[in-house]
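J.: Attaching a single structure in structure tokens format; questions to follow.
The values are calculated or read from the model by the stated rules, or taken from the named source; none is laboratory data. All figures in this text were calculated on a predicted structure; none of them were measured in a lab. Glycine also receives a Cβ, built like all others from the backbone with ideal geometry; neighbour counts cover every protein chain displayed. To get the accessible areas, we keep the full protein, side chains included, count just its heavy atoms, and leave off ligands, DNA and RNA. Shrake-Rupley method; radii C 1.70, N 1.55, O 1.52, S 1.80 Å.
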Amino acid sequence: MKKLLNFLLLFATLLLFWVWLNGSLAADVLIIGVISAFIIALLFRDSLAVFSGLNPTPRALGYSVLYVFFFIKELIKSNISLAAIVLSPKLPINPGIVKVRTRLKSPMGRLLLANSITLTPGTLTVELEGEWLYIHWVTVESTDINAATARIVAGFEQYLEVMYD
Amino acid sequence: MIKRFITLLLLAGIGAIFASLLFTYVPDSELNRTADYYAGHTASDIGAANIVTAIIVTYRGLDTLGEVTVLFLASSIVGLVLSLGQKQHKTQRNRVAVGELLTTGSRFLAPLIMLLGVYVFVNGHLTPGGGFQGGAIIASGMLLLLLADPLRHFSHTLIATLESFSGLSYVALGVLGLFMAGGFLDNRILPTGTLGELISAGAIPLIYSLIGLKVGAEFSSMLASLSETEDLK
Amino acid sequence: MIEFLVYVAAALTGVAFLLALYRFLKGPSAADRVVAFDALTIISITAIVLTALVEGRGIYLDVALVYALLSFLGVIVIARYMERGL
Amino acid sequence: MDALLPILGGLLLVGGAAFLLLGGLGLVRMPDLFNRIQAGTKATTLGTLLTLSGVACLQPAWGLKLLLIGLFILYTNPLSSQVLARAAHRAGTEKSSKTMVDRLAEDTGEK
Amino acid sequence: MNILMTGMSAVLCIAMLGAALLAIRVKGDDSLPLSILAAGLVSLFASVLFLILAAPDVAMTEAAIGSGLTTFLFFFLLARIRGTAQTVDKNDGSALDGRDYD
Amino acid sequence: MIYMAMATGFLLILIGFYGALTNRNLLRMIVAFTLANTGVNIVIVAIGYMHGRTAPILDAAVTASAAAARIIDPVPQALVLTAIVIGLGVTALMLAYAYKLYERKGTLDIAQYTDLKW
């Protein structure tokens, strides 16, 4: 049952990708898309789709939208802070690799968390191992695990926790 | 010392030839006769929007058959040469483990890359790209799988079957063109349809898809045989 | 007006390209060059999109898609090579 | 509205190119590899996304494909940077003398 | 707009020649991976140049095959030759060193 | 623009030859060969380019009737496409042989390959 669900999710993702690539909904495009998406989904049964593990509740959907906005805000903020660092003549950096904790379990959620952390102010995920994330921080504000977790991870985790369980 | 001198002399000679070519070159302002024919007749005769594809698959189809054969030979020779004298027993290969990020990322991305490859070769007659590019993209997807799991063994039988099946169908379609249309590899065994639609241009999408599968299988087998070769100390 | 803005954007992109190229040629470590390689690929995507805009041909965008894929794969191959996992 | 969209597109293009320039500058100025990766990833990602949206404003018909390219970059660019950072760290790349703490090295028992 | 294209191709040509010279001239311990990387970069720039010369088909082929697969094949071979059988010492400076292959 | 691209292509061929003739490392020679290959491709594509024309793909921007006046020469492009693919096949073959030679001799330096000297 779970396998079938995964297959269907993958198939739907691939079909969406196909229609998006072609930019049309004509009958011939759809027929070829269904065939090729089916074959590829069959070959990659144990693969992941964006939606696999996503909770099918309205609350999760709402949080996904909020997550996107939060992410865009953080991305722009991060670039402005980076610009401030790069453009200042003294290069005020204070780098280090800190260790933080995450509660997420679903692979897709963890990957999205790591990617989001990399694109947000001054942080870069170096290693993800079990519940520990090792993060390179341009301006280290705290080397304590809990303080750093609250500073770096918590913002995204509150959304991702609802989206992926 | 004398060797370096001869090298420089040789390069100076070639450079002089190149310079004279460059300075006497006058760009054309009109298409030459061949190109003019292709430009004027492709849309009405072949029905393909991408003229380069029309040339590769139909006008110069035989050359492409030869090219695919050369590639096939190259990939089988690479496999043969690398497997010569290899010890059959599997030594344990202590490669550094893959991080979780790459595993998850590749599990997500590999199907999408495959589908991108399919898109590139199915749309060969409409957009840039075609069988060779699509095949290379499919092989890149295989490479991603190999990177995420270095000890994975691809089924060589599957790759070889796919390769020979598409090669045979390609030649069969060519022969079909001999009977049902103007000549070997003629694409008009199917109706040419309207210019710019996905199913149009006769057999070109079909032929290019077969070429794409074949080329993808060949490149994948090259990568797989290089990856499965034992390390030298 | 628009044309002028496109010129300015292309000039800025060109400077960024040269800066990344400087990092590539200079090094010092191999990983630095790989980072510069990644940045150069991404900047090339911008160059491709600008070319498509100037020539007015939407079909050029497919090439940019292939580029986005390749920058990712290239960096990963080299990274796996560096950590001896290939 | 119709007259405004192209102007917005042009401004977005210039903004994106400016962020790319910042990325290049960061690549040159930052002292060690990890800081360079940070500059290279963040600035080029946002710069390319802004450029793509600028082009989408100038040529609305290309919007779908540009969005797809943007999503692809948004997904793959940080991922490749992380893999590279991990590999470089495992290979023991030099860190800047300003580095104050390295928990990963402590935990894997290096140095 | 023509000036734009000309300028872009001028920058690309300079970059290509620089990367090509690096590819054949680079010396030192980790020179082999670097020259392969530089050759890949030359192919990459060549592909943008092809696009500017109005050849999108060739640009895509060069990007996917010339710059992509060729570089990957080189790195696979280099990894085979380097020999991973020896114990991987995490602290040996740079993993891209050339000490054990030529 | 054409002349610039063509000059770059010729220079790349020369750089590739120089590298192949002066380097003694086998893999460096193969890298130099791929450089020369790229140079040849650039020259051929530059020959096909015509000023003020666009890519030989028909769509809304270039209609079939106006094609002959608006597109550039498609034949060199088809040629180069073939050349690139075959180039990869040749490179793969050279790499496989380089691997075998290294396995036999334990070195990539061609000065050490002295079997045919006497």
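J.: Computed over the Cα atoms, what is the radius of gyration of chain B divided by 2.2 N^0.38 Å, N being its residue count? Don't jump to the answer; show the numbers that get you there.
T.: Details: Rg = 22.7 Å, N = 233, 2.2 N^0.38 = 17.5 Å.
With N residues counted in chain B, Rg over 2.2 N^0.38 Å equals 1.30.
J.: Calculate I(q)/I(0) for the stretch A:2-43 by the Debye formula, one identical point scatterer on each C-alpha and no solvent, and give its log10 at q = 0.15, 0.28, 0.31 Å⁻¹ to two decimals.
T.: Debye intensities relative to I(0), on a log10 scale: -0.33, -0.91, -1.03.
J.: If you don't mind, there's one more thing I want to ask. By how many degrees, between 0 and 90 and to the nearest 10, does the Cα long axis of helix F:2-22 differ from the longest principal axis of chain F?
T.: Compared with the principal axis, the helix lies near 10 degrees.
J.: A further question follows. Take the Cβ-Cβ distance between A:ASP46 and B:SER164 as r, set R0 to 30 Å, and report the resulting FRET efficiency rounded to the nearest 0.05. Write out the running numbers ahead of the final one.
T.: Details: r = 28 Å, r/R0 = 0.92.
Efficiency, from the Cβ-Cβ distance: 0.65.
J.: Principal axis lengths of the protein assembly as shown from Cα atoms, whole Å, largest first?
T.: In descending order, the Cα extents are 78, 76, 57 Å.
J.: Near the amide H of B:VAL96, under 5 Å away, which other amide H atoms are found, from residues 5 or more places off or on another chain, if H is placed in the peptide plane?
T.: HN-HN under 5 Å from B:VAL96: C:GLY85.
J.: Same structure again: Only helices at least 20 Å long along their own axis, judged from Cα atoms, and with Kyte-Doolittle mean hydropathy of -0.5 or greater: name those in chain B from DSSP H. Before the final figure, lay out each step's value.
T.: Working: long enough: B:2-24 (33 Å, 1.88); B:61-83 (33 Å, 1.60); B:100-122 (34 Å, 1.53); B:131-148 (26 Å, 1.79); B:156-180 (35 Å, 1.35); B:204-228 (35 Å, 1.06).
Those that pass (Cα extent of 20 Å or more, hydropathy at least -0.5) are B:2-24, B:61-83, B:100-122, B:131-148, B:156-180, B:204-228.
J.: Which value in deg cm²/dmol, rounded to the nearest 500, describes the helix-derived mean residue ellipticity at 222 nm for the protein assembly as shown, given -39,500 (n - 2.57) per DSSP H run of n ≥ 4 and division by the residue count? The partial results should precede the final answer.
T.: Details: 29 runs with 551 residues, N = 815.
Calculated from helices alone, the mean residue ellipticity at 222 nm is -23000 deg cm²/dmol.
J.: What are the GluC sites (Glu not before Pro) within the stretch A:85-141 that DSSP puts in a loop, where the Cβ has at most 14 other Cβ atoms within 10 Å?
T.: Numbers: sites: A:GLU127, A:GLU129, A:GLU131, A:GLU141; in loops: A:GLU131, A:GLU141.
Answer by residue number: A:GLU131, A:GLU141.
J.: How big is the shadow of the Cα convex hull of the stretch C:1-82, averaged over all directions, in nm²? Intermediate results must be reported in sequence, preceding the final value.
T.: Values: hull surface 22.3 nm².
Its average projected convex-hull area is 5.6 nm².
J.: Let me ask something additional. Heavy atoms only, probe 1.4 angstrom, no DNA, RNA or ligands counted: give me A:GLU161, E:GLU62 ranked by accessible area, highest first. Don't skip to the answer; put the middle values down first.
T.: Numbers: A:GLU161 75, E:GLU62 5 Å².
In descending accessible area the options line up as A:GLU161, E:GLU62.
J.: Given R₀ = 25 Å, FRET efficiency for B:ILE17-F:ILE110 by Cβ-Cβ distance, to 0.05? Write down the numbers at each step before the final one.
T.: Details: r = 27 Å, r/R0 = 1.08.
Rounded to the nearest 0.05, the efficiency is 0.40.
J.: Protein chains only, probe 1.4 Å: how do A:TRP132, A:TRP137 rank by accessible area, largest first? Write down the numbers at each step before the final one.
T.: On the way: A:TRP132 60, A:TRP137 10 Å².
Result, largest first: A:TRP132, A:TRP137.
J.: Still on this structure: Under the rule of at least 5 residues apart or a separate chain, name every residue whose amide H is placed under 5 Å from the amide H of B:ILE189.
T.: B:ALA203
J.: Ok, one more. Can you list which of the trypsin sites (Lys or Arg not before Pro) found in the stretch B:108-217 are DSSP loop residues with at most 16 other C-beta atoms within 10 Å? Walk me through the numbers before you get to the answer.
T.: On the way: sites: B:ARG152, B:ARG188, B:LYS214; in loops: B:ARG152, B:ARG188.
Filter output for the stretch B:108-217: B:ARG152.
J.: A further question follows. Regarding the stretch F:2-112, what are the three Cα extents along the principal axes, ordered largest first, in Å?
T.: Each principal axis gives a Cα extent; for the stretch F:2-112 these are 62, 25, 16 Å.
J.: Accessible area of B:THR34, 1.4 Å probe, to the nearest 10 Å²?
T.: For B:THR34, the solvent-accessible surface is approximately 70 Å².
J.: Going through the DSSP H helices of chain A, which span 20 Å or more along their own axis at the Cα atoms while scoring at least 1.0 as a mean Kyte-Doolittle hydropathy? It would help to have the intermediate numbers written out before the result.
T.: Details: long enough: A:2-22 (30 Å, 1.49); A:27-43 (24 Å, 2.69); A:58-87 (44 Å, 1.24).
Helices meeting the span and hydropathy rule in chain A are A:2-22, A:27-43, A:58-87.
J.: So for the stretch A:10-165, taking the charge dipole from beta-carbon charges (+1 Lys/Arg, -1 Asp/Glu), which of A:VAL86, A:LEU133, A:ILE97 sits furthest toward the positive end?
T.: Farthest towards the positive pole: A:VAL86.
J.: Note down the accessible area of F:LEU101, probe 1.4 Å, to the nearest 10 Å².
T.: So the heavy atoms of F:LEU101 present about 70 Å² to solvent.
J.: Taking springs between alpha-carbon atoms closer than 10 angstrom, which of A:VAL100, A:VAL140, A:VAL153 fluctuates most in the Gaussian network model of chain A?
T.: Answer for the Gaussian network model of chain A: A:VAL140.
J.: Quick one: 3J(HN,Hα) in Hz for the stretch A:126-133, Karplus 6.51/-1.76/1.60 with θ = phi - 60°, rounded, Gly and Pro as x.
T.: 9, 8, 10, 9, x, 8, 9, 10
J.: Let me ask something else. Helix F:26-48: angle to the longest alpha-carbon principal axis of chain F, degrees 0 to 90, nearest 10?
T.: The angle comes out near 20 degrees.
J.: Just how much of C:ILE59 is accessible, in Å², when a 1.4 Å probe is used and the result is rounded to the nearest 10?
T.: 20
J.: If I build a Gaussian network model for chain C, linking alpha-carbon pairs within less than 10 angstrom, which residue out of C:SER29, C:SER71, C:SER44 has the largest mean-square fluctuation?
T.: Top of the fluctuation ranking is C:SER29.
J.: Amide H of A:GLU127 versus every other amide H placed in the peptide plane: which residues, excluding those fewer than 5 positions away on the same chain, fall under 5 Å?
T.: Excluding prolines and chain starts, which carry no amide H, the hits are A:TYR134.
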